[in-house]
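Below: the structure, in structure tokens.
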Amino acid sequence: MNISSDIQVWIAAALTLMIFSFLYKDNPFYKFAEHLFVGVSAAYWMVQGFWATLMPNLFGKIYPPMVEFAFPGFAGNDPEPLHIIPLIFGLLLLTRLIPPIATVSRLAMGLVIGFAAGTNLTRYLASDFVGQIDHTMVSLIDMSSGSFSLGGTINNLVLVSGVIAGLIYFFFSAEHKGVVGKVSRYGIWVLMVSFGAAFGYTVMARVSLLTGRMAFLLFDWLGLRGGA
């Protein structure tokens, strides 16, 4: 065992143990670490948003000399007065913090929501709707390699039948009896397998985070090393 003498490692280890203490019960140490994490994260992203978004994309457009000290590439650029419009709407959002005029913020909020909905509609249609339809329209008999592929054929059959069964499960205009009922039950199995795979992937991601923290405590902090 060779315990680290780095103060930063000790601070990180202490905060990690404070988070792990929630496994026993909710306590002040866990709350301190949780609030510290949330506060530091919020402050970090606020600073990132200011320097990476507001400075180059707003102030640098309205008055380039203002940001030349941080972004030399803006030297000599012409001002773009139209960027005053998003500045005004941004200030309108802040009126939410002033109760007497808080309703004014709805103008800016409506613009943000409407613009986001409009621009994301085509993107989601292309990726989540048209894209899935395109990838479902496959040949049931896989001859992509120039010869018959049993594995590819089974994969395509499961894919197409699973998509159709899943859609039939959500088709409530017809009573789920007889053939429709059997296909919809198959659709339920397909959906459960899909949800299970997604949940398993999420669990594996969380386990990988836990593994990283445990490795940090054992190796970087306590200095434990396995034998050759």
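Residue pairs whose Cβ atoms lie under 7 Å apart, separated by 6 or more positions or on different chains, with the first residue in the range 176-189 and more than 13 Å from S161 (Cβ to Cβ) and the second surrounded by 13 or more Cβ atoms within 10 Å (Cβ to Cβ), are H176/S184; V180/I168; I188/Y169.
Here is a yes/no grid of residues against (1) loosely packed, with under 13 Cβ neighbours inside 10 Å; (2) farther than 24 Å from L111 by Cβ; (3) in contact with a Pro (Cβ under 9 Å, 6 or more places away or on another chain):
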position	(1), (2), (3)
I7	yes, yes, no
K25	yes, yes, no
P28	yes, yes, no
V40	yes, yes, no
W45	yes, no, no
V67	no, yes, yes
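Only one of the numbered conditions (1) modelled with pLDDT of 95 or more; (2) more than 26 Å from the chain's Cα centre (by Cα); (3) among the charged types (D, E, K, R) is not met by E34, and that is (2).
Any chance the range 13-23 includes a residue that's modelled with pLDDT of 95 or more and loosely packed, with under 11 Cβ neighbours inside 10 Å? No: zero hits. Of all positions in the range 48-61, none carries a residue that is more than 25 Å from R206 (Cβ to Cβ), surrounded by 11 or more Cβ atoms within 10 Å (Cβ to Cβ), free of Cβ contacts under 8 Å to residues at least 60 places away in the same chain and in contact with a Lys or Arg (Cβ under 7 Å, 6 or more places away or on another chain). Is it the case that P56 is farther than 25 Å from M109 by Cβ, part of a helix (DSSP H, G or I), modelled with pLDDT under 95 and out of contact with any strand residue (DSSP E or B) (no Cβ under 8 Å at 6 or more places or on another chain)? When the stated conditions are applied, P56 does not pass them.
Within the range 85-101, residues that are at positive phi and aromatic (F, W, Y) have Cβ atoms under 9 Å from residues that are surrounded by 11 or more Cβ atoms within 10 Å (Cβ to Cβ) and modelled with pLDDT under 95 in no pair, counting only partners at least 6 apart in sequence or on another chain. Of all residues in the range 178-228, those satisfying the criterion of being touching a helix residue (DSSP H, G or I) at 6+ places or on another chain (Cβ under 8 Å) and not in a helix (DSSP H, G or I) are L224, R225. Of I188, I101, all but one fail to be surrounded by 12 or more Cβ atoms within 10 Å (Cβ to Cβ) and either over 23 Å from the mean Cα position of the chain (by Cα) or among the aromatic types (F, W, Y) (or both); the exception is I188. Of all residue pairs spaced 6 or more apart or on separate chains, those with beta-carbon atoms under 7 Å, a first member in the range 30-41 that is closer than 8 Å to I19 by Cα and a second member that is surrounded by 12 or more Cβ atoms within 10 Å (Cβ to Cβ) are Y30/M18; Y30/I19; Y30/S21; Y30/F22; A33/L15; A33/M18; A33/I19.
Yes or no, residue by residue, for (1) assigned to a loop (DSSP other than H, G, I, E, B); (2) within 30 Å of G162 (Cα to Cα):
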{"residue": "M66", "(1), (2)": "no, no"}
{"residue": "L94", "(1), (2)": "no, no"}
{"residue": "A126", "(1), (2)": "no, yes"}
{"residue": "V138", "(1), (2)": "yes, yes"}
{"residue": "S145", "(1), (2)": "yes, yes"}
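The values are calculated or read from the model by the stated rules, or taken from the named source; none is laboratory data. This is a predicted model, so every value here is computed, not measured. Backbone-built Cβ (ideal geometry, glycine too); neighbour counts: all protein chains shown.
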